[in-house]
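Notes for the one structure printed next.
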Amino acid sequence: MTAAKRDVKHFLQFKDFTRAEFDYLFERTRWIKQQFKSYKQYWPLSDRTLVMIFEKASTRTRLSFEAGIQQLGGSAIYLNTRDSQLGRGEPVEDAAQVISRMSDVIMIRTFEQRIVERLAAHSRVPVINGLTNEYHPCQIMADIYTYIEQRGPIQGKTVAWIGDSNNVCNTWLQAAEVLDFTVHVSTPPGYEIEPERAGLHGTGHFKQFADPMEAAKGADIVTTDVWTSMGFEAENEERLRDFADWQVDAEMMGIARPDAIFLHCLPAHRGEEVTAEVIDGPQSVVWDEAENRLHVQKALMEYLVLGRVDS
Ligand code: CP
Ligand code: NVA
């Protein structure tokens with residue numbers, strides 16, 4: 001609880017970890033999931049406290065972090081903007097000082113990435129990004145773990161991203177650079193990815209396509225997300241029009257590899273970014289994907305708090 005700030009490891013964006021660290025974390029996830037599935041108690045974080053700060057809505061992120069820390073023997077405290085001093089203008093730097101003196105790890109879901117960076121800079125304990133306008137690194141850890149579990153290594157594979165160049169898309173792009181796979185991105189005109197905002201090194205791991213069908217051709221994973229992310233609700237009507245041709249449907253899945261899987265971080269809007277036929281169909285693994293948030297984040301919290309652990 002009293003580690004010097006300079007020694008603290010955070011997970012603020014996907015590229016904060018190396019490929020070797022992800023190899024370790026995915027292996028660790030497999031072991032932790034196996035313990036959980038065989039009802040074996042595993043409490044490496046007993047007496048440890050996770051503080052969760054939510055400035056945006058959530059179902060999966062809250063559930064998976066809260067259940068996850070409890071299953072590791074620890075406990076969670078939930079704070080939101082509405083009924084904490086954060087919503088009344090207390091500087092995030094001050095909140096970080098106080099929260100990190102009373103806890104062992106912090107998870108935050110907020111707006112600008114800059115907020116999580118300021119929080120981490122003033123925290124004595126590890127900070128985890130539970131979604132910002134720019135990134136959603138825990139989601140992509142779960143997505144990639146799901147692919148590995150279902151199909152094997154992701155290196156050299158192709159992911160088709162159809163739709164908005166949002167936080168989830170940016171994180172896929174970073175992950176492609178770290179783990180060496182390719183992302184085929186198709187967005188409507190005016191919604192193209194911004195490599196600088198995505199925090200890319202420019203290693204040539206993505207390709208842009210005007211036609212979403214071209215992006216999906218031969219893909220190992222087809223994935224998408226809502227057309228309007230949290231915080232962008234004012235643009236909803238315009239986006240409904242602009243994204244109408246960027247829907248993942250059976251014809252699009254048919255042009256991907258025959259063994260391609262469909263992923264969606266959820267919540268989904270059937271009839272908008274994906275048809276019910278696809279998300280409820282045989283290639284969709286969205287429920288395993290959602291469940292894997294729990295398992296990867298347990299490995300992540302264990303790693304950030306205790307470092308590498310041998311089982
Ligand atoms: N996928 C995801 O982060 O879901 P929630 O918004 O429900 O947390
Ligand atoms: N892109 C979506 C993801 C929700 C989990 C959003 O930011 O609202």
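The values are calculated or read from the model by the stated rules, or taken from the named source; none is laboratory data. For clarity, every value in this text was computed on a predicted model and none was experimentally measured. Cβ placement follows ideal geometry from the backbone for every residue including glycine, while neighbour counts extend to all protein chains displayed.
For segment 276-291, state whether one or more residues are exposed (fewer than 14 other Cβ atoms within 10 Å of the Cβ), within 22 Å of residue 134 (Cα to Cα), of a type outside the set (Ser, Thr, Tyr) and modelled with pLDDT of 95 or more.
No: zero hits.
For the subset of segment 36-54 comprising residues that are out of contact with any strand residue (DSSP E or B) (no Cβ under 6 Å at 6 or more places or on another chain) and surrounded by 11 or more Cβ atoms within 10 Å (Cβ to Cβ), which member is farthest from residue 106 (Cα to Cα)?
Checked segment 36-54; the qualifying residue farthest from residue 106 (Cα to Cα) is 36.
Hey, can you tell me all the residues within segment 179-238 that are polar (S, T, N, Q) and more than 16 Å from ligand 1 (Cβ to nearest atom)?
Across segment 179-238, the qualifying residues are 182, 186, 187, 203, 208, 236.
I'd like to verify a number: residues in segment 208-247 that are more than 24 Å from residue 289 (Cβ to Cβ) and away from ligand 2 (no atom under 15 Å from the Cβ), how many?
Here the count works out to 11.
Residue-by-condition table, conditions (1) in contact with a strand residue (DSSP E or B) (Cβ under 7 Å, 6 or more places away or on another chain); (2) buried (at least 19 other Cβ atoms within 10 Å of the Cβ); (3) more than 17 Å from residue 135 (Cβ to Cβ):
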| site | (1), (2), (3) |
| --- | --- |
| 188 | no, yes, yes |
| 206 | yes, yes, no |
| 212 | yes, yes, yes |
| 219 | yes, yes, yes |
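Would you mind telling me which numbered condition in (1) in contact (Cβ under 8 Å) with a residue 24 or more places away in the chain; (2) small (Gly, Ala, Ser); (3) surrounded by fewer than 21 Cβ atoms within 10 Å (Cβ to Cβ) residue 89 fails?
(1)
Please work out which residue is farthest from ligand 1 (Cβ to nearest atom), limiting yourself to segment 155-178 and to residues that are surrounded by fewer than 23 Cβ atoms within 10 Å (Cβ to Cβ) and of a type in the set (Val, Ile, Thr).
Out of the qualifying residues, it is 158.
Out of the residues in segment 150-180 that are of a type in the set (Val, Ile, Thr) and assigned to a helix (DSSP H, G or I), which is farthest from residue 208 (Cα to Cα)?
Selected residue: 178.
Contact list please: Cβ distance under 7 Å, first residue in segment 160-176 and in contact (Cβ under 8 Å) with a residue 12 or more places away in the chain and under 12 Å from residue 137 (Cα atoms), second residue assigned to a loop (DSSP other than H, G, I, E, B) and away from ligand 1 (no atom under 15 Å from the Cβ), pairs at least six apart or on different chains.
Close Cβ pairs satisfying both conditions: 169/193; 173/193; 173/200; 174/13; 174/199; 174/200.
Which of the numbered conditions does residue 133 fail, given that it passes all the others? Conditions: (1) outside any helix (DSSP H, G or I); (2) crowded, with 21+ Cβ neighbours inside 10 Å; (3) at negative phi.
Unmet condition: (2).
I need the full set of residues from segment 221-258 which are surrounded by fewer than 20 Cβ atoms within 10 Å (Cβ to Cβ) and within 21 Å of the chain's Cα centre (by Cα), in order please.
Answer for segment 221-258, where residues must be surrounded by fewer than 20 Cβ atoms within 10 Å (Cβ to Cβ) and within 21 Å of the chain's Cα centre (by Cα): 229, 230, 231, 232, 233.
So in segment 44-82, with the set limited to residues that are basic (Lys, Arg) and without any contact (Cβ under 8 Å) to a residue 60 or more places away in the chain, which one is farthest from ligand 1 (Cβ to nearest atom)?
82
May I ask you to say which residue of 52, 102 is within 16 Å of ligand 2 (Cβ to nearest atom) and within 15 Å of residue 126 (Cβ to Cβ)?
It is 52.
Which of the residues that make up segment 67-79 are surrounded by fewer than 18 Cβ atoms within 10 Å (Cβ to Cβ) and within 20 Å of the chain's Cα centre (by Cα)?
67, 78
Identify, by number, the condition in (1) part of a helix (DSSP H, G or I); (2) at pLDDT 95 or above that residue 218 doesn't meet.
It is condition (1) that residue 218 fails.
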